[in-house]
1. Given the options Ala54, Ala12, Ala152, which has the most mean-square fluctuation in a GNM of the chain, springs set between C-alpha atoms less than 10 angstrom apart?
2. Normalised by the residues of the chain, what does the relative contact order come to in percent, with Cα pairs under 8 Å and at least six apart?
3. Provide the three semi-axes, in whole Å and in decreasing order, of the ellipsoid equivalent to segment 89-178 as defined by the square roots of 5 times the Cα gyration tensor eigenvalues.
4. Given all pairs of different Cα atoms, what value in angstroms does the Kirkwood hydrodynamic radius of the chain take?
5. So for the chain, taking the charge dipole from beta-carbon charges (+1 Lys/Arg, -1 Asp/Glu), which of His77, Val191, Gln91 sits furthest toward the positive end?
6. Considering only protein heavy atoms, what per residue accessible area in square angstrom results for the chain with a 1.4 angstrom probe?
7. Give me the percent of accessible area attributable to carbon and sulfur for the chain, probe 1.4 angstrom.
8. Relative to the Cα centre, what is the charge dipole magnitude of segment 51-96, using +1 at the beta carbon of each Lys and Arg, -1 at the beta carbon of each Asp and Glu, and rounding to the nearest 20 debye?
Amino acid sequence: SAAELTALAAEAPFDYSLGVASLEARFGDKSSLAAMQSTFGRRLAYDLRAIDYAVARLADDEGMDLREWACNINPTHCSALGAALARVNRQTEAAASYERAFADESFDRVRLANESRWLVGYYRRNNQLANALDLANTSASIGSFTGLITAAHLYEDLRRFDEAEELYERAYRRYDDPSQLLGFYYRAVIVRKETTYNDAW
């Protein structure tokens, strides 16, 4: 029962799995920050499993201190902090968090490609074009679908359509997914009225 699991968790406060079982028996997947703090206690100061469990259940406007602490423990967690900061429109702080994550040599390269779009857009919006191109090209070079599309969107926004088309085409051929290439041709022919793309469309 929930009561028995809670009593066991109180007897073994450093047992992560028991803490999770206690929380889920009482609250399902809707644990509050206060309940997680009470259950995990000091583990939230050092145990990234407990921190990740808590952060995954927080609203964007709560627990920011916990997200920042996770980023300080392990810089790869700074991308999650960046995403949360971006969603609450703290853009300068979000950019700094993403930059810290991506600069860490242990940060997974495919994950970098898949999570770089917001920062590329931030650079573009803030007239940091060299940074935007550098990150977009890095993302494309990794070869993931999302990384290729991130770069393609930037080149299309810059009206460098030949380079954008090549990236959309590469994503289509590599992943057998024509959706983004079709979107590019739709925007070219239907929105921008560029007849040179009629045959491709």
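1. Comparing Ala54, Ala12, Ala152 in the GNM, the peak value goes to Ala12.
2. The normalised contact order for the chain reaches 9 percent.
3. For segment 89-178, the semi-axes come out at 22, 16, 9 Å.
4. 19.3
5. Of the listed residues, the answer is Val191.
6. Roughly 53 Å² per residue, with all protein chains present.
7. That share works out to 50 percent.
8. So the dipole magnitude of segment 51-96 works out to roughly 120 debye.
The values are calculated or read from the model by the stated rules, or taken from the named source; none is laboratory data. Just so we're clear, the structure is a prediction, and the values are computed from it rather than from any experiment. No Cβ is skipped: glycine too gets one built from the backbone with ideal geometry, and neighbour counts run over all protein chains shown. Calculation scope for accessible area: heavy atoms of the full protein, side chains included, ligands and nucleic acids excluded. Shrake-Rupley method; radii C 1.70, N 1.55, O 1.52, S 1.80 Å.
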